[in-house]
Amino acid sequence: MALKRTPDPQEARAVVQGWRAQGLSVGFAPTMGALHEGHLSLVRASAEECDRTAVSIYVNPTQFAPNEDLQSYPRQLEADCRLAERAGADLVFHPSDELMYPEGFSTYVIQEGLTQTLEGASRPTHFRGVLTIVCKLLHCVPADRAYFGHKDFQQSVIVRRMARDLNMPIEIRVLPTVREKDGLAMSSRNKYLSPEERRQALCLYEALRKADSLYRGGQTDAETLRRAMAAALGAAPLAEPDYVEIVDKETLAPVQVVSARAVAVLAVRFGETRLIDNYPFSEAAERRHPPSSAPRASGPVG
Ligand code: PAF
């Protein structure tokens, strides 16, 4: 099927509703473009699991703070459409700011409780922007399933909560982080790193590996693991840690004892570039007892 492209919310909705009226299942991967293997893994998963796949490409201004990289965020619509199509997309929805935020726009989605911590503590208006645009995109692309990456762990928790709290008729699928060969989590922002920053950025993965290896060795004291992660980040002189935490996978509250419910999360600045990564300790348990149908583990063993 040839790729359909549209900037028009009504046309996107009509295409998706048409598919569903024919009894076809529809998957949706919302993105901000600059597609890399992480995004493409979502598109491929959707193409495998659903009859039709839609992708949105929209750099959403409301999730950037005034001092952030909205202007310089990479934009490459033509290349992205080709990549999305090759990965199995049938529809690319690429709205303009005028269509998504018309004059007088004043309605936002706010989640209370999960959005003030971690990313939300450093970026206070970020999740209001994310939830608002995800909610809008899900109205424009009323799919059966929406695909998100575990790399943006807190985002995935909050989006799931919004879908549940607002009775949204959609299944939220969260897929494992995709990594570069050396372990750095794929991100559109990796492009901003200088060669030396890129080399040192591996400390995020090293920190998570350290936590994983201590945990698999039997250490469950969260503070011990947290200190070990901080020490691994400290070995990279250009790294300025923003937070290093171990939190519950649903409440995002810090834990004292690490279990398969816990996730190690970190955010680190390299100059102007802010990187995040995480490790769900459930992956360590899966490695001990690998379920036959589990997705390929993406975490820090290696
Ligand atoms: O994860 C992203 O790329 C963005 O936050 C999303 C979900 C597309 C909303 O703009």
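So for segment 101-108 (the condition being on the phi < 0 side of the Ramachandran plot, charged (D, E, K, R), away from the ligand (no atom under 12 Å from the Cβ) and without any contact (Cβ under 8 Å) to a residue 40 or more places away in the chain), does at least one residue qualify? Yes, there is a match, as at least one residue in segment 101-108 is on the phi < 0 side of the Ramachandran plot, charged (D, E, K, R), away from the ligand (no atom under 12 Å from the Cβ) and without any contact (Cβ under 8 Å) to a residue 40 or more places away in the chain.
Would you check if Glu112 is part of a loop (DSSP other than H, G, I, E, B), over 29 Å from Val16 (Cβ atoms), out of contact with any Lys or Arg (no Cβ under 7 Å at 6 or more places or on another chain) and away from the ligand (no atom under 14 Å from the Cβ)?
yes
The residue that is farthest from Val159 (Cα to Cα), among those in segment 48-68 that are without any contact (Cβ under 8 Å) to a residue 40 or more places away in the chain and of a type in the set (Val, Ile, Thr), is Thr53.
Out of Ala79, Ala45, report the one residue that is assigned to a helix (DSSP H, G or I) and touching a residue at least 60 places away in the same chain (Cβ under 8 Å).
One residue alone meets the criteria, Ala45.
If I filter segment 1-37 down to residues being closer than 30 Å to Gly183 by Cβ and surrounded by 23 or more Cβ atoms within 10 Å (Cβ to Cβ), which single residue comes out as farthest from the chain's Cα centre (by Cα)? It comes out as Gly27. Of all residues in segment 58-73, which are within 15 Å of Ser187 (Cα to Cα) and surrounded by 16 or more Cβ atoms within 10 Å (Cβ to Cβ)? The answer is Val59, Asp69, Tyr73.
Considering only residues that are of a type in the set (Lys, Arg) and under 16 Å from the mean Cα position of the chain (by Cα), look in segment 163-214 and name the one that is modelled with the lowest pLDDT.
Arg189
You will find that of Ile170, Ile158, the residue that is in contact (Cβ under 8 Å) with a residue 24 or more places away in the chain, under 20 Å from Pro95 (Cβ atoms) and of a type outside the set (Phe, Trp, Tyr) is Ile170 and no other.
Considering (1) away from the ligand (no atom under 12 Å from the Cβ); (2) under 18 Å from Leu42 (Cβ atoms); (3) touching a Lys or Arg at 6+ places or on another chain (Cβ under 9 Å), the lone condition that His139 does not fulfil carries the number (2). The number of residues in segment 48-64 being assigned to a strand (DSSP E or B) and within 13 Å of the ligand (Cβ to nearest atom) comes to 4.
If the condition is being out of contact with any helix residue (DSSP H, G or I) (no Cβ under 8 Å at 6 or more places or on another chain) and within 15 Å of the ligand (Cβ to nearest atom), then segment 1-38 contributes only Glu37. Checked across segment 262-277, the condition of being modelled with pLDDT of 95 or more, on the phi > 0 side of the Ramachandran plot and either more than 19 Å from the chain's Cα centre (by Cα) or of a type in the set (Ser, Thr, Tyr) (or both) holds for at least one residue.
Restricting segment 119-136 to residues that are away from the ligand (no atom under 14 Å from the Cβ) and outside any loop (DSSP other than H, G, I, E, B), which is surrounded by the most Cβ atoms within 10 Å (Cβ to Cβ)?
Going through the qualifying residues, I end up with Ser122.
Selection of segment 20-63 for residues being within 18 Å of Ile172 (Cβ to Cβ) and among the acidic types (Asp, Glu) yields Glu48, Glu49.
The values are calculated or read from the model by the stated rules, or taken from the named source; none is laboratory data. Note that this is a predicted model, so its numbers are computed, not measured. Quick reminder, even Gly has a Cβ in these numbers, built from the backbone with ideal geometry, and neighbours come from all protein chains shown.
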